[in-house]
Amino acid sequence: MADTTHAVLRDQLQAERQRLRDQLERLGHGGGARVDFDENFADSGQVTAERGEVEALAGQLHDTLDDIEDALAKFDAGTYGQCENCGQEIADARLEAMPAARFCINCASQRR
């Protein structure tokens, strides 16, 4: 993969990381730490379903943020674009579609 493409993907990952952090902050779950979801509600009698929705959304955002952090760490380690399962290079088209991809298309297909 060309260095300019890597630079673009790294910039995309960094922008997405910031967007996710901002979104978590707006939900009251910033700082990277997972918190007790009851803390940000007015009282314990508030609707359980609403609390569950916030918990689910924050969990998904944290999981996505973890994937992006891992991809950025791979950039720093020089292993970005390498499949975690087989060690082969991940195709450029897959990385462009999913910059935080951990597996090549073959290994990802086998995992399903």
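The values are calculated or read from the model by the stated rules, or taken from the named source; none is laboratory data. As the structure is a computational prediction, the values presented were derived from the model and not from experiment. Glycine also receives a Cβ, built like all others from the backbone with ideal geometry; neighbour counts cover every protein chain displayed. Side chains included, ligands, DNA and RNA excluded: accessible areas come from the protein's heavy atoms. Shrake-Rupley method; radii C 1.70, N 1.55, O 1.52, S 1.80 Å.
Among the residues of the range 70-112, write down those that are part of a helix (DSSP H, G or I) and open to solvent by less than 60 Å² (accessible area, probe 1.4 Å).
Passing the criteria: Ala71, Leu72, Ala73, Lys74, Phe75, Arg94, Leu95, Cys107, Ala108.
Quick check: is even one residue across the range 35-46 modelled with pLDDT of 80 or more and either open to solvent by 70 Å² or more (accessible area, probe 1.4 Å) or not acidic (Asp, Glu) (or both)?
There is no residue in the range 35-46 that is modelled with pLDDT of 80 or more and either open to solvent by 70 Å² or more (accessible area, probe 1.4 Å) or not acidic (Asp, Glu) (or both).
Give all pairs with beta carbons closer than 9 Å in which a residue from the range 1-27 that is touching a residue at least 40 places away in the same chain (Cβ under 8 Å) and over 12 Å from Phe75 (Cα atoms) meets a residue that is surrounded by 11 or more Cβ atoms within 10 Å (Cβ to Cβ) and among the charged types (D, E, K, R); count only pairs at least 6 apart in sequence or on separate chains.
Close Cβ pairs satisfying both conditions: Met1/Glu89; Met1/Asp92; Thr5/Asp92; Thr5/Glu96; Arg17/Glu69.
Restricting attention to the range 1-22, report how many residues are of a type in the set (Lys, Arg) and open to solvent by 90 Å² or more (accessible area, probe 1.4 Å).
2
Can you find a residue that is modelled with pLDDT under 65 and open to solvent by 50 Å² or more (accessible area, probe 1.4 Å) anywhere in the range 23-31?
Within the range 23-31, one or more residues are modelled with pLDDT under 65 and open to solvent by 50 Å² or more (accessible area, probe 1.4 Å).
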